[in-house]
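Notes for the one structure printed next.
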Amino acid sequence: MTSSLTLRAALVSVLLLAVFLLIWQGATAGFGAGGTGVPSGMDPEYAKLMGLTATTGKSALPSPVEVGAGLWNVLTDPFYDKGPNDKGVGLQLAYSLGRVLIGYGIAVLVAIPLGFLIGMSALMSKALDPFIQVLKPISPLAWMPLALYTIKDSGISAVFVIFICSVWPMLLNTAFGVASVRKEWLNVARTLEVGPFKRAFTVILPAAAPTILTGMRISIGIAWLVIVAAEMLVGGTGIGYFVWNEWNNLSITNVIIAILVIGVMGMLLDQMLAFVARLVTFPE
Amino acid sequence: MTSKDTFRRFSRLFSGCACGRHRSAAEHEAAARASEEARYGSLVEKTVLQALFPQDAHRRAFLKAIGGTTVAAALAQFLPMGMVTEAFAQGTGPIEKKDLKVGFIPITCATPIIMAHPLGFYTKQGLNVDVVKTAGWAVVRDKTINKEYDAAHMLSPMPIAISMGLGSNPIPFSVPAIENINGQCITLAMKHKDKRDPKDWKGFKLAIPFDYSMHNYLLRYYLAEHGIDPDADVQLRSVPPPEMVANLRAENIDGFLAPDNVCQRAVYDGVGFIHILSKEIWDGHPCCSFSASKEFVTTNPNTYAALLRAIIDASAYAQKPENRKQIAEAIAPANYLNAPPVVLEQVLTGTYADGLGNIKKDPNRVTFEPFPYDSFAIWILTQMKRWGQVKGDVDYAGIAKQVFLATECAAVMKDMGLTPPAPTKTIVVMGKPFDPAKPDAYVESFAIKRT
């Protein structure tokens, strides 16, 4: 039954994709004749100076075939390096991943211990709550000018913005997970006279692990969202810079390719944490 | 034996000095350095004196009464002439910092900075420069202030604004060279092709690249001259150049005064037409500048001088019409402007499609003359004052002298065998002459202002 459900779901997915691509192709081919000839009544000298969109009415949006061809070009040569402003998509992804892992790693190191503290102490939980509630909803782009101004280094600023945006879901989930460990288990630990550190590591941590992992999963998603925005702003390297650079060139084909690459990479990161989450889940 | 003789003759040829007047190369160099120091020194002092006493007769009388050296010594107390002069005289010594980062915004204004990389003008001066594309003016400003960039491409009002502390902490910046003259346009959306009179533009949303830009001041000037109040009758928005074409296509804005290649790109994509070139507002206006912090100049004088030589050299090369096509091809790839070569060619050669079906020819659409006239800075300051960006009394000449390094640029140009232009320049904006000696009267003369 389940296998046939998966099969049917996959079929529907493929069908949806095919319909989407067909509509896309139809919509983009609908513009003008799509020919390369000069339209009547236009000076050929003038037409030579103009783009195809202006002369033949070619759609500004590329067709799926063009995107596919562009994607092939980009993916077959992902690691070229033609100077500081022109690198292959693989190298750009590596830069972005590096920044995300550093920022996210620091966020993990801060959020989990602090989450334990908040979860285990009702006082700290109440005292820190207003700060968390105010800082949590701030957009990465709002942090950027402040970070650039105070840190005075664009690379570290980008890492800082990832840290500050991805720390909150982990912090809140850790605190919630720690606070909602079953009272019975804690009572058992107390009767057995387990010390506070041993209690934290052998009772609370395994019990709260699934909730903590859920927080980490939300956070990596946010970190990946933030890196694109941050790199579009500071430029230099990374997949966000790639998007900005292609936007600057008004190359919608490459922007769509970048969107695809960002989406696939984000999914992979999420799936990795989902795999870890499955390892620590326990049946109630 | 003959071979030995030949060898001796050759070795004498090589060990001797280049001009033949000195016994050895070392002696020649020492003499050359001494004469250069004297030349720069007197040149700097002369220019400062000229600024203090613009009338020849007064200056001569003053010098006669007090004596040349006394004057120089007295002036040196108030102006750090010695320091700057020394910095430039040392310009031929060993380079302190070989690996440099220079930031730029991908527009044709940055042509000399960018082309100096692929065409080898930096390496010719012994520099290893990385030109780094940057996302916007505020980011260029912050990265240069943070010393991530050693020098950068900035809008020419920006170093003035930074030095005065407008929009950031006051940090002394300098402009040793202007990047480009002219080279901007007013572009309007296709739907406005019948509204060519600015009086019909009430309610328009117009985009400019940055608040402290020539684009802002020129557009405001143009609108005000046609009786449109730029603050009340239209909406002016700061939009990064790459977003301008996309916004024009989406009809979020009605037009923009923007740097090329953005204007030509709007035409190329069929979303806009070129209403006028900025040179029709002020023929010969500066646009972008090559800037560095004063701190970089004083700590790395030789590097700075070498960098300046590369920029002046590149500008001189770019100024020649016959080189423009080659330059367009050199700066088009993704590493630099990332734009279609045909668009860049139209901007640089001045033979362009206007978007309304006509081919226009104007070889001076953009030119590359690096000399940073003080009067440029004074004009910019009058507009900052006119539109309320600065309040109170402004030391027009003082700030202009501090930021726009006309004297130093002239010295380096001379050193390179080029003839620097006369330090004054006639400025006429939309038929109205500007006298840099009377900036306050100029600001007062406008009907629409925010003082």
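The values are calculated or read from the model by the stated rules, or taken from the named source; none is laboratory data. The structure presented is a predicted model; accordingly, all values stated were derived computationally and were not measured. Note that each Cβ is placed from the backbone with ideal geometry, even for glycine, and that neighbours are counted across all protein chains shown. Surface accessibility is based on the protein's heavy atoms, side chains included, excluding ligands, DNA and RNA. Shrake-Rupley method; radii C 1.70, N 1.55, O 1.52, S 1.80 Å.
With A:V67, A:V38 as the choices, which residue is at pLDDT below 80, open to solvent by less than 90 Å² (accessible area, probe 1.4 Å) and β-branched (V, I, T)?
On the way: A:V67 fails: at pLDDT below 80.
Exactly one of A:V67, A:V38 is at pLDDT below 80, open to solvent by less than 90 Å² (accessible area, probe 1.4 Å) and β-branched (V, I, T), namely A:V38.
Out of all the residues in segment B:307-326, is one or more away from chain A (no Cβ under 14 Å), closer than 26 Å to B:I162 by Cα and not aliphatic (A, V, I, L, M)?
yes
Any residue in segment B:150-165 that is more than 19 Å from the chain's Cα centre (by Cα), of a type outside the set (V, I, T), buried (at least 22 other Cβ atoms within 10 Å of the Cβ) and farther than 21 Å from B:H285 by Cβ?
So far as segment B:150-165 goes, no, none of its residues is more than 19 Å from the chain's Cα centre (by Cα), of a type outside the set (V, I, T), buried (at least 22 other Cβ atoms within 10 Å of the Cβ) and farther than 21 Å from B:H285 by Cβ.
Only one of these is surrounded by fewer than 20 Cβ atoms within 10 Å (Cβ to Cβ), under 17 Å from the mean Cα position of the chain (by Cα) and within 24 Å of A:M272 (Cα to Cα): A:A229, A:A209, A:A223. Name it.
Exactly one of A:A229, A:A209, A:A223 is surrounded by fewer than 20 Cβ atoms within 10 Å (Cβ to Cβ), under 17 Å from the mean Cα position of the chain (by Cα) and within 24 Å of A:M272 (Cα to Cα), namely A:A229.
Provide a single number: the residues in segment A:228-246 that are in a loop (DSSP other than H, G, I, E, B), of a type outside the set (S, T, N, Q) and more than 7 Å from chain B (Cβ to nearest Cβ).
Selection size over segment A:228-246: 1.
Checking the condition touching a strand residue (DSSP E or B) at 6+ places or on another chain (Cβ under 9 Å) and among the hydrophobic types (A, V, I, L, M, F, W, C), which residue from A:F242, A:F197 passes? Give the derivation first.
Details: A:F197 fails: touching a strand residue (DSSP E or B) at 6+ places or on another chain (Cβ under 9 Å).
When all the criteria are applied, what remains is A:F242.
Look at A:V255 and say whether it is away from chain B (no Cβ under 11 Å) and in a helix (DSSP H, G or I).
no
Can you pull out every residue in segment B:345-364 that is crowded, with 24+ Cβ neighbours inside 10 Å and within 12 Å of chain A (Cβ to nearest Cβ)?
Residues of segment B:345-364 that are crowded, with 24+ Cβ neighbours inside 10 Å, as a first pass: B:346-348, B:352-353, B:355.
Residues satisfying the conditions are B:Q346, B:V347, B:Y352, B:A353, B:G355.
Say whether the condition of being open to solvent by 30 Å² or more (accessible area, probe 1.4 Å) and of a type in the set (V, I, T) is met by at least one residue in segment A:234-242.
no
Can you name the residue in segment A:120-154 that is farther than 30 Å from A:K198 by Cα and basic (K, R) and is also farthest from the chain's Cα centre (by Cα) among such residues?
Within segment A:120-154, the match that is farthest from the chain's Cα centre (by Cα) is A:K152.
Hey, does segment A:71-91 have a residue that's closer than 23 Å to A:I262 by Cα, away from chain B (no Cβ under 14 Å), not in a helix (DSSP H, G or I) and not β-branched (V, I, T)?
Yes, segment A:71-91 has at least one match.
If B:P436 satisfies every condition in (1) closer than 21 Å to B:P370 by Cα; (2) free of Cβ contacts under 8 Å to residues at least 12 places away in the same chain; (3) not small (G, A, S) but one, which is the exception?
(2) is the only condition that B:P436 fails.
Yes or no: A:A142 outside any loop (DSSP other than H, G, I, E, B) and within 23 Å of A:L279 (Cβ to Cβ)?
No.
For segment B:166-221, what are the residues that are closer than 20 Å to B:D142 by Cβ, touching a Pro at 6+ places or on another chain (Cβ under 8 Å) and open to solvent by 10 Å² or more (accessible area, probe 1.4 Å)?
Residue satisfying the conditions is B:Y212 alone.
Within segment B:111-147, how many residues are of a type in the set (D, E, K, R), touching a residue at least 40 places away in the same chain (Cβ under 8 Å) and crowded, with 22+ Cβ neighbours inside 10 Å?
The total comes to 2.
Out of B:L218, B:L248, B:L206, I need the residue that is away from chain A (no Cβ under 14 Å), touching a Phe, Trp or Tyr at 6+ places or on another chain (Cβ under 8 Å), outside any strand (DSSP E or B) and of a type outside the set (S, T, Y). Which one? Steps first, answer last, please.
Working: B:L248 fails: away from chain A (no Cβ under 14 Å); B:L206 fails: outside any strand (DSSP E or B).
Result: B:L218 is the single residue among B:L218, B:L248, B:L206 that is away from chain A (no Cβ under 14 Å), touching a Phe, Trp or Tyr at 6+ places or on another chain (Cβ under 8 Å), outside any strand (DSSP E or B) and of a type outside the set (S, T, Y).
Quick one: in segment A:188-197, of everything that is farther than 14 Å from A:M120 by Cα and part of a helix (DSSP H, G or I), which residue is least open to solvent (accessible area, probe 1.4 Å)?
Per the criteria, the residue is A:A189.
Pairs, please: C-beta under 9 Å, at least 6 apart or cross-chain, first residue open to solvent by 40 Å² or more (accessible area, probe 1.4 Å) and in segment A:250-270, second assigned to a loop (DSSP other than H, G, I, E, B) and hydroxyl-bearing (S, T, Y)?
none
Give just the number: which of (1) of a type in the set (S, T, Y); (2) surrounded by fewer than 19 Cβ atoms within 10 Å (Cβ to Cβ); (3) more than 18 Å from the chain's Cα centre (by Cα) does B:Y442 not satisfy?
(2)
Using the structure shown, decide if B:I399 is assigned to a helix (DSSP H, G or I) and open to solvent by less than 10 Å² (accessible area, probe 1.4 Å). Give the steps one after another, and end with the answer.
Details: assigned to a helix (DSSP H, G or I): yes; open to solvent by less than 10 Å² (accessible area, probe 1.4 Å): no.
So B:I399 fails the test.
Tell me which strands (runs of 3 or more DSSP E) are completely within segment B:284-363 and hold 3 or more residues being out of contact with any strand residue (DSSP E or B) (no Cβ under 7 Å at 6 or more places or on another chain), or say none if there are none.
In segment B:284-363, no matching strands (runs of 3 or more DSSP E) lie anywhere.
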